[in-house]
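The values are calculated or read from the model by the stated rules, or taken from the named source; none is laboratory data. Since this is a predicted model, take the numbers as computed values, not measurements. Note: ideal-geometry Cβ built from the backbone for every residue, glycine included; neighbour counts use all protein chains shown.
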Amino acid sequence: MTLLAVDWLLIIEKLVLIAIIVFASLGIALYTTFAERKVAAVLQDRPGPNRAGPFGLLQPFADGLKLIMKEEIIPTSSNKALFVLGPGLAMTAALMTCSVIPWSSHIEIFDRKIDLQIADINIGILYIFGVVSMGVYGMMIGGWASNNKFSLMAALRGASQAISYELAMGLSLIAVLMLSGSLSLKTIVDGQMAAGSYWNIVYQPLGFIIFFVCALAECNRTPFDLPEAENELNFGYHQEYSSMKLGFYLFSEYINMIMSSAVMASLYFGGFDVPFLDESTLAPNIAAIIGVAALLTKIAIFIFVFMWIRWTVPRFRYDQLMNLGWKTMIPLALFNMLVTGALILLKAGV
Amino acid sequence: MSITQFLFYFLTVLALFSAVMVVVSKNPVHSVLWLIAVFFAISGHYILLNAQFLAIVNLIVYAGAIMVLFLFVIMLMNLNASTEPQKNNWLKLAGVIAGGCFLMVLVSLVKQANELNNIAVTMGTGEIGLIKNLGKALFNDFVVPFEISSVLFLSAMVGAVVIGKKA
Amino acid sequence: MQALTNRAQEVSRKPMTFMERLYIPSILKGMAITFSHIFKKQPTIRYPEQKREFSPVFRGLHVLNRDEEGRERCTACGLCAVACPAEAITMEAAEREVGQENLYREEKYAAKYEINMLRCIFCGLCEEACPKDAIYLSETFAPANFTRTGFIYGKDHLLIPNPVTEPEAYAAAKGQRN
């Protein structure tokens, strides 16, 4: 029995948690596509999809079915293995982020304390960065393997955009890390939940704005959706894709959106914290459920703002995008970092 | 066989296989992708050694940024197996001799280093790879080399900007 | 140059101020505008259930009319075909036989009456030309079809239902016109 001597119960617990979170994110992403269409509609004085089921609620399933039923086309001159690998990589990278997000505190079942976080690693934020930087490969490999000029151009654009904005994102994060003194998302959230402390947004408004703009750029959302700029690149890096492979690319964008909303909520808006409510007085299970609901509400609000921006602001030109990233965002983030560091030192009384 | 050993062998095989594939692949894009797989396997080794910070920084910096730039260059130059220049046989022979010499040096180094034979690598127990200890070591014990290397990076950046301005 | 309307604005070429270069105020303004549209009334008409009312002067598909006793009014005089600018109407006349008085009002009738709906421009000149009030343009439009021949409407398509035997269908086909 010494073979693979591990806590099997822990592994089962984590596997169940992973399954729940992954399927929940897929389900939420499914309905985010629906929400996108509905939000676009109400912002443009239209009713939006309302035919499939009551209020059109079955529309995402109809869309999914349509995508699955479509003919799967692999261009003959493409690199087949990489062509298939691309969407899978994009999806995997999008889903991997969810493992370090603290969805809530812990629940207790049969005297067993189960943390509602897949892995509380002490480098949580860096892990997210690593995964985000992997997400670029899905786009690049897909764009290159399609053997299409437009796809390749879009993939290169997307990758350079992602790399540029990752820098500003990291620099804006350092200020938060200095405040909380930890890289673990759980510790950061706990720090914001503790009595007498405020959410990080109070201390870091500028940092949040920088992070938010960079998150928009990382998710390839308008006004930064240059990798799929229809007017100059036809359909962007997934032009040659059809059927569920295309679906994976589109889906991974929505999952990225959910995950970046969750990260923003955890970093700046107290994660699963409910304002003006002391969770420690409640039974742990109830507190956990309230926490999940609070985090999901915050995620929903962020997603709405993402969509709201998409249907308001037009797309940047590519040089404007690069100027904003390198000449505005990075200096601002550095300034924010310096000011935060100086204030922390002042407060510590050095 | 504990799970750590199992993971160690798995990662080792993955790393070696991917490394061989980097060299063997005809298509340069494939080579780069296999190289990324090597980085992943090495990061796995770092995690086994409890050096999580190193593992993730390895991924962010090498797999996430440098390899993307490599891919950029290769994709834009459109290097295919067909456009690869045909090396003549003398060049191949020279390559084999040089590589063989290097391998011999490495093998003899490992064989001679007695210290290496006596140290058993302790898996999952080391503390130096954690970000806190690493930061303390860098900013207390090695602060001068650390700052000098950062100046080096700065000068590289300035150099890149100067070259970019000239063009 | 004199402006056509008073809404014309001079294009400003002066460099943007700092606040304008921040873009954030104008982005927020734009977002406020889109947000306000959530509460606006939707002009959408949910088509198959709701239909937009036709205007009283709408000119749709042609109808060959009958009189109160259900007899065809058309006498195949050909004035509509002459009036038609698109040359969409063709017809063949025939003499009324004895015993067909309950079918045709006049002594001559249209044995064949065809309108090519692909040529028709729905100008309504045929309606104005008709001395017998036999043709008028209704409140429906031509549905889609798979073939070109499907758009050549014969008497079987055009003739209004008999008001004596099928009064409801007659009323529906007649629509709001008098």
Would you confirm whether or not the range A:66-87 contains a residue that is hydroxyl-bearing (Ser, Thr, Tyr), within 14 Å of another protein chain (Cβ to nearest Cβ) and touching a helix residue (DSSP H, G or I) at 6+ places or on another chain (Cβ under 6 Å)? yes
Of the conditions (1) polar (S, T, N, Q); (2) outside any loop (DSSP other than H, G, I, E, B); (3) within 20 Å of the chain's Cα centre (by Cα), the single one that A:Asn220 does not satisfy is (2)
Looking at the structure I just gave you, is B:Ser18 closer than 24 Å to A:Glu218 by Cβ, in the same structural domain as B:Leu76 (by TED's automatic domain parsing), crowded, with 19+ Cβ neighbours inside 10 Å and not aliphatic (A, V, I, L, M)? no
Tell me the residue from A:Val313, A:Val263, A:Val274, A:Val292 that is surrounded by 16 or more Cβ atoms within 10 Å (Cβ to Cβ), in contact with a Ser or Thr (Cβ under 8 Å, 6 or more places away or on another chain) and part of a loop (DSSP other than H, G, I, E, B), please. A:Val313
In the list A:Phe83, A:Phe34, A:Phe23, which residue meets the criterion of being exposed (fewer than 15 other Cβ atoms within 10 Å of the Cβ), part of a helix (DSSP H, G or I) and among the hydrophobic types (A, V, I, L, M, F, W, C)? A:Phe23
Residues being more than 11 Å from chain B (Cβ to nearest Cβ) and of a type in the set (Ser, Thr, Tyr): count how many of those fall in the range A:109-155. 1
Would a scan of the range C:91-109 turn up a residue that is of a type in the set (A, V, I, L, M), part of a strand (DSSP E or B) and touching a Cys at 6+ places or on another chain (Cβ under 7 Å)? no
Go through the range A:159-185 and give me each residue that's within 11 Å of chain B (Cβ to nearest Cβ), modelled with pLDDT of 85 or more and over 23 Å from A:Asn323 (Cβ atoms). A:Leu177
Counting only residues that are within 14 Å of chain A (Cβ to nearest Cβ) and modelled with pLDDT under 75, how many does the range B:74-122 have? 5
Residue list for the range A:39-62, restricted to those being part of a loop (DSSP other than H, G, I, E, B) and among the hydrophobic types (A, V, I, L, M, F, W, C): A:Ala52, A:Leu57, A:Leu58
Have a look at A:Phe269, A:Phe316 and point out the one that is of a type outside the set (A, V, I, L, M), closer than 24 Å to C:Ile33 by Cβ and in contact with a helix residue (DSSP H, G or I) (Cβ under 9 Å, 6 or more places away or on another chain). A:Phe316
